[in-house]
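Engineer: Please read through the structure below; I'll follow up with questions.
The values are calculated or read from the model by the stated rules, or taken from the named source; none is laboratory data. Note that this is a predicted model, so its numbers are computed, not measured. Neighbour counts are summed over all protein chains in view; Cβ atoms, including those assigned to glycine, are modelled from backbone coordinates with ideal geometry. Note: areas computed on protein heavy atoms with side chains; ligands, DNA, RNA excluded. Shrake-Rupley method; radii C 1.70, N 1.55, O 1.52, S 1.80 Å.
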Amino acid sequence: MPVEASLIQILACPACHAPLEDRTGTDPAELICTSGDCGLAYPVRDGIPVLLVDEARRPA
């Protein structure tokens, strides 16, 4: 389930405050930090972004 575009515009990475990129159309659905240093991937469950650093996936 995609996250509303207006919500994506106001969300930021909790770790570094960079904007997030919407990748809810992929499997798994995630919001990706756009910072080159951080790059954490936050899961989206049932259309709700889980913006907890402890729940984020580190970049590969």
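Engineer: Filter the stretch 40-56 for residues that are small (Gly, Ala, Ser) and closer than 18 Å to His17 by Cα; which is most open to solvent (accessible area, probe 1.4 Å)? Spell out the reasoning first.
Structural biologist: Step one: of the stretch 40-56, the residues small (Gly, Ala, Ser) are 41, 47, 56.
Applying the additional criterion that residues be closer than 18 Å to His17 by Cα yields 41, 56.
Numbers: Ala41: 3, Ala56: 21 Å².
Taking the candidates together, the pick is Ala56.
Engineer: Would you call Pro59 open to solvent by 80 Å² or more (accessible area, probe 1.4 Å), assigned to a loop (DSSP other than H, G, I, E, B) and in contact with a Gly (Cβ under 8 Å, 6 or more places away or on another chain)? Step through it out loud before you land on a result.
Structural biologist: On the way: open to solvent by 80 Å² or more (accessible area, probe 1.4 Å): no; assigned to a loop (DSSP other than H, G, I, E, B): yes; in contact with a Gly (Cβ under 8 Å, 6 or more places away or on another chain): yes.
When the stated conditions are applied, Pro59 does not pass them.
Engineer: To continue, here is another question. Within the stretch 8-60, how many residues are among the β-branched types (Val, Ile, Thr), modelled with pLDDT of 90 or more and touching a strand residue (DSSP E or B) at 6+ places or on another chain (Cβ under 7 Å)?
Structural biologist: Qualifying residue count for the region: 4.
Here is a yes/no grid of residues against (1) closer than 14 Å to Arg58 by Cβ; (2) among the hydrophobic types (A, V, I, L, M, F, W, C); (3) touching a Cys at 6+ places or on another chain (Cβ under 7 Å):
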site: Ser6; (1), (2), (3): no, no, no
site: Ala12; (1), (2), (3): no, yes, no
site: Cys16; (1), (2), (3): yes, yes, yes
site: Leu20; (1), (2), (3): no, yes, yes
site: Asp27; (1), (2), (3): no, no, no
site: Val44; (1), (2), (3): no, yes, no
